[in-house]
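Data block below; observations after.
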Amino acid sequence: MVLYILSILATALSLVLVDAIFPGMMLANFPAAMLAAIAIGIVNGVIKPVLFILSLPITILTLGLFSLVVNGICFWLASVITPGFSVHGFWTFIVGPIVLSVASTFLNNLFVGQAGARAIQDTANTPES
């Protein structure tokens, strides 16, 4: 449970970074970033696979470049369902999810990776009954 909360926190911090970089993205406050992180996780887990399968022919024709549009649609959709989070502009639509992914991966490895390693180490050090 703690690892999920750390992952959401890392994504929310990444959203704050994307908000600072791109003027087309607006976050009202940090709780809005937390809600947006949850919404992005839900959209990426539920809707993105369906969109990916439906857009597979055009993704193949564009040699994978259309997957950037699918990422942008998911990013925008998360902004539609989250109050206090909005996405406007072409570059924010296309490059925003890429920056979010890179920053989120870095922060997840930093936070969740260390916490997960500690959890594994703690279970290895516990005596068996």
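Every number in this text was worked out from the coordinates using simple rules, so none of it is lab data. Quick caveat, the model's predicted, so the values are computed rather than measured. Methodologically, a virtual Cβ is constructed for each residue, glycine included, from the backbone with ideal geometry; neighbour enumeration extends over all protein chains shown.
Structure data summary
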| quantity | calculated |
| --- | --- |
| Stretch gain in nm, segment N109-I42, where the contour uses 0.36 nm per residue and the Cα spacing is subtracted | 22.1 nm |
| The chain, helix-only ellipticity at 222 nm - DSSP H runs n ≥ 4, -39,500 (n - 2.57), divided by all residues, nearest 500 | -27500 deg cm²/dmol |
| Computed P(r) (all Cα pairs; the chain; 5 Å bins; percent) | 2, 11, 18, 20, 17, 12, 8, 5, 3, 2, 1, 0 |
| Peptides ranked, highest mean first, by Cβ atoms within 10 Å: ranges 28-40, 47-59 | 28-40, 47-59 |
